[in-house]
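Q: One structure, pasted below without further comment.
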Amino acid sequence: MMTRKSRNIISLAQHYLNSKKSNQKGLTLIELLISITLLSIIIAVFTSTYVTGISVYTREVRTTNLQNESRIILDRIVSDIKQSNEVVSGSNETVLVLAAPSIDSNGSIIYENTGLFKMDFITYWLDGSALYKKVEPHLDSARPAAVTHILGDVDSVTFTYTPSASTAKEVEINIVTSIIASKKTITVNNNAKSVLRNK
């Protein structure tokens, strides 16, 4: 048989449990589903923004690299034109053949007995999407003979001669390169003019 004291203890325990249940902080199933949905939307937006940012950054870096590589090669061609005396036979809109004075190991020009320069021949041409440079030195020249792949991803190379290829005093070079970065085609167009030596 329960005593009055026991009943009071049980009554207090029940009251405590009932008040605890009503004060519990928690989520209902609907609140939980709404929270998960909102969190998923926030994560999706953040991920999309992050991926887009990385894609744009990658494209910009590759564009800058393409511009720099093309510009460096263009500057080398301009330098070779400035050191050359003439554009020689075989030159056309897509091929440039230069006659440059031969040099010794000190960089000094080598002369024939007649007083004329000994000549090295430098050729630039496009094969597919690759730009090449060929050096055919005179036997006495310190320039090394070589065929070198100097630039890739080239769409076109154009050489324009003023007044003409056979009487050129000036050469204009136009190099168009392109790559695909982040599913977009990036095209870079670089050009320059150079006057031949002593013209």
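Q: Within segment 57-68, identify whether any single residue is under 30 Å from Ala145 (Cβ atoms) and in contact (Cβ under 8 Å) with a residue 60 or more places away in the chain, and answer yes or no.
A: Yes, segment 57-68 has at least one match.
Q: Can you tell me which of Ile103, Ile110, Ile180 is surrounded by fewer than 19 Cβ atoms within 10 Å (Cβ to Cβ) and touching a Lys or Arg at 6+ places or on another chain (Cβ under 8 Å)?
A: Of the residues listed, the single one that is surrounded by fewer than 19 Cβ atoms within 10 Å (Cβ to Cβ) and touching a Lys or Arg at 6+ places or on another chain (Cβ under 8 Å) is Ile110.
Q: Sticking with this one: Among the numbered conditions (1) touching a Phe, Trp or Tyr at 6+ places or on another chain (Cβ under 8 Å); (2) modelled with pLDDT under 90; (3) not small (Gly, Ala, Ser), tell me where Val51 comes up short.
A: With (1) touching a Phe, Trp or Tyr at 6+ places or on another chain (Cβ under 8 Å); (2) modelled with pLDDT under 90; (3) not small (Gly, Ala, Ser) applied to Val51, the lone miss is (1).
The values are calculated or read from the model by the stated rules, or taken from the named source; none is laboratory data. Being a predicted model, the structure only gives us computed values, none of them experimental. All Cβ positions, even for glycine, are placed from backbone atoms using ideal geometry, and neighbour counts span all protein chains on display.
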